[in-house]
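Taken together, the values in this text are just the output of simple stated rules run on the coordinates, not laboratory data. Keep in mind it's a predicted model, so treat the numbers as computed, not measured. Counting neighbours? That spans all protein chains shown, and the Cβs are built from the backbone with ideal geometry, glycine included.
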Amino acid sequence: MKFIPKITLLLLLLFVHTSQAKGKRRKCPEGAWSEGKIMNTIMSNYTKMLPEAEDSVQVNIEIHVQDMGSLNEISSDFEIDILFTQLWHDSALSFAHLPACKRNITMETRLLPKIWSPNTCMINSKRTTVHASPSENVMVILYENGTVWINHRLSVKSPCNLDLRQFPFDTQTCILIFESYSHNSEEVELHWMEEAVTLMKPIQLPDFDMVHYSTKKETLLYPNGYWDQLQVTFTFKRRYGFYIIQAYVPTYLTIIVSWVSFCMEPKALPARTTVGISSLLALTFQFGNILKNLPRVSYVKAMDVWMLGCISFVFGTMVELAFVCYISRCQNSVRNAERRRERMRNSQVWANGSCRTRSNGYANGGSIISHYHPTSNGNGSNNRQDTPLVTGRGSLHRNGPPSPLNLQMTTFDSEIPLTFDQMRPGSPPPPSGCLARFHPEAVDKFSIVAFPLAFTMFNLVYWWHYLSQTFDQNYQ
């Protein structure tokens, strides 16, 4: 309760000070006209016509950038909040001859439609609105010599021609174009003020930084005459840190993972296939996730080159796997066929059940086998006789009744007598048509060196090409 009198005293002093300040602002010399009386006098004799001038009306323009909302690649436009200022002279609005209280008058916005204006507009905007918070943010000041100063707080959505060939290392330029919609250059000339563009603060967007802006003036020929055109160009440089983390680093890891299959055995086909397919799907998913936030353009972007190159390297690992599997399967088939032929050579006999051998067959490293020769003893019974034979297996077999399999083989090959040299096992002939000079392990050892080297060369060319172009754009 002790603080209440002090607070009340402070509020009272503040009210008195404010009242005195207002009194000073509104205090005018005796006989001076009020703003309302001056405006009523001016407007009573005013006609909304092109101001009288020896030459065309000179309109000076400047903009003050408050903030930028976004730069959208999908819709190819950008949003910007500006304070748009126009300045021109209208002698019919001069009140220097009147006993005015002040040298300038802040006009009410309701009077704005009643005075002439150059009708300057942004001809390339998609949407332009005047901020209302709560009333329209428009300020009009009339000077005693008839100069009109008008300021609008605007929110502008304008198209932006994007070139994404260097994406995500691209630099984009967006343009605002001002023209008088109703008057050509014979009636109205547009000019930039000395400080045509100013920024309230550095413009930084989630994906872009505004790095530069410039202005220029052009005169264009239309069917109804020449028209002045003012342009302001904003240059934005993309902040590519997001794409380094979300696109490039994951693709590096995916490529390295795909090389793990080279360290696996050629027989581990399911594991190697799983690694390759998983890497390929991961890259495809990452690529699609990036493309969904970009417009559908027909040219190739830097990100396209990178992703397609990485997908090609993963696809190359799958091709290498198929090549290794083909070699392994083909050579295994040849070995199996050779084993079958060897078994058949060791089991074939002559049709008469005997095999001709050389006398020194056993001494030469062969083996003795016996064949069954049935003989008759005169009473209709057969006697068993053993005949040792030399084979290439190095084992001694006595004669005995032949098995059904041997009888069948004898009947089948009765017309094909074999020599001892044909029956002796030797080194298998090189497989024909199966790339016999390649071995699966050797191909994997070569790939584990060749693929990283090729990927390193791809990186050097890629980064040198696109980063050098980025540096050139920065210096221009």
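Structure data summary
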item	result
Which of Asp67, Asp444 has the fewest Cβ neighbours within 10 Å, and the rest in rising order	Asp67, Asp444
DSSP-assigned coil residues among trypsin sites (Lys or Arg not before Pro) in the stretch 267-313, each with at most 15 further Cβ atoms within 10 Å	Lys267, Lys292, Arg296
Normalised per residue, the volume of the convex hull around the Cα set of the stretch 192-258 (Å³)	140
Alpha-carbon spread of the stretch 145-282, three principal axes, descending order, Å	93, 37, 20
For the stretch 83-124 and the stretch 192-252, distance of Cα centres in Å	31
Gained length - Glu342 relative to Cys325, 0.36 nm times residue gap less alpha-carbon distance	3.6 nm
Cα-based reach from Lys37 at 17 Å (exclusive), listing aspartates and glutamates while leaving out same-chain residues under 8 positions away	Glu108, Glu144
Rg/Rg_globular for the stretch 165-206, with Rg_globular taken as 2.2 N^0.38 Å and Rg from C-alpha atoms	1.81
Low-density loop positions, chymotrypsin sites (Phe, Trp or Tyr not before Pro), the stretch 273-342 - DSSP coil, at most 10 other Cβ in 10 Å	Tyr299
Ratio of the Cα radius of gyration of the stretch 69-154 to 2.2 N^0.38 Å, where N counts its residues	1.37
Peptide ranges 93-103, 55-65 listed from the most packed, as the mean C-beta count within 10 angstrom indicates	55-65, 93-103
Surface/4 of the Cα convex hull for the stretch 30-239, nm²	14.2
Percent RCO, i.e. relative contact order, over the stretch 234-353, from Cα pairs under 8 Å lying at least 6 residues apart	30
Full-extension gain in nm, Asp55 to Asn293, via 0.36 nm per residue minus C-alpha separation	80.5 nm
